[in-house]
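The next block holds one structure in the form of structure tokens; read it before the comments.
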Amino acid sequence: MKTTISKLYQDYLKEYRGQCYITNEFGFITYVLQYESESIFIQDIYIDPPHRGQGKTKELIESAIKLGQEAGMSLMVSLVYMASRDKEISLKCALSTGAKIVSMDAQKIILSRRI
Ligand SMILES: CC(C)(COP(=O)(O)OP(=O)(O)OC[C@H]1O[C@@H](n2cnc3c(N)ncnc32)[C@H](O)[C@@H]1OP(=O)(O)O)[C@@H](O)C(=O)NCCC(=O)NCCS
């Protein structure tokens, strides 16, 4: 098993950037709870290469959504930046969770799903 993200670094990201983390032996996901819009904003996802293609991303997103629901959120939001590497895979990951495209421009695609 690879080293997981240090607890201190997670604490820093939560306090300074408002980012929450879920980590497990396969990878991690970061998200932000946006109380004004009652939404959970999915940010970064990483799956250790040997464990890719097994639905681990969807599992992490659903775990984050569950925590978002428990915190009172009613919407999941994610962004795919056109400049990002492998943007097609990121878009596929978001769509595979049932999210729909709500807007797009030259820089980004915004997706969301009621939770
Ligand atoms: C992108 C990443 C998180 C996908 O992880 P994964 O565990 O392989 O994803 P899953 O098995 O849960 O697949 C989720 C969906 O994406 C699709 N997908 C995943 N990898 C894919 C690939 N290389 N090519 C095409 N589709 C792919 C799957 O088919 C699935 O869609 P489906 O349910 O409609 O079939 C992983 O490749 C990764 O960590 N990449 C590096 C970091 C990154 O790019 N993160 C995303 C931006 S935040």
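The residues of the range 49-79 that are within 8 Å of the ligand (Cβ to nearest atom) and either outside any helix (DSSP H, G or I) or over 29 Å from Asp105 (Cβ atoms) (or both), listed by number, are Pro49, His51, Arg52, Gly53, Gln54, Gly55, Lys56, Glu59. Summed over the range 88-109, the residues that are loosely packed, with under 12 Cβ neighbours inside 10 Å and either within 10 Å of Thr57 (Cβ to Cβ) or among the hydroxyl-bearing types (Ser, Thr, Tyr) (or both) give a count of 1. With respect to Gly27, determine if the residue is within 13 Å of the ligand (Cβ to nearest atom), surrounded by 12 or more Cβ atoms within 10 Å (Cβ to Cβ) and either over 12 Å from the mean Cα position of the chain (by Cα) or within 16 Å of Arg114 (Cβ to Cβ) (or both). No. Just so you know, in the range 48-58 the residues that are closer than 16 Å to Ser96 by Cα and of a type outside the set (Gly, Ala, Ser) include one that is surrounded by the fewest Cβ atoms within 10 Å (Cβ to Cβ), and it is Gln54.
Contact map, the range 70-84: residues that are on the phi > 0 side of the Ramachandran plot paired with residues that are part of a loop (DSSP other than H, G, I, E, B) and surrounded by 11 or more Cβ atoms within 10 Å (Cβ to Cβ), Cβ distance under 8 Å, separation 6+ or inter-chain. Pairs shown: Gly72/Glu38.
In the range 87-107, is there at least one residue being modelled with pLDDT of 95 or more and among the polar types (S, T, N, Q)? Looking through the range 87-107, at least one residue is modelled with pLDDT of 95 or more and among the polar types (S, T, N, Q).
The values are calculated or read from the model by the stated rules, or taken from the named source; none is laboratory data. Quick caveat, the model's predicted, so the values are computed rather than measured. In this analysis, Cβ positions are derived from the backbone assuming ideal geometry, glycine residues included, and neighbour counts consider all displayed protein chains.
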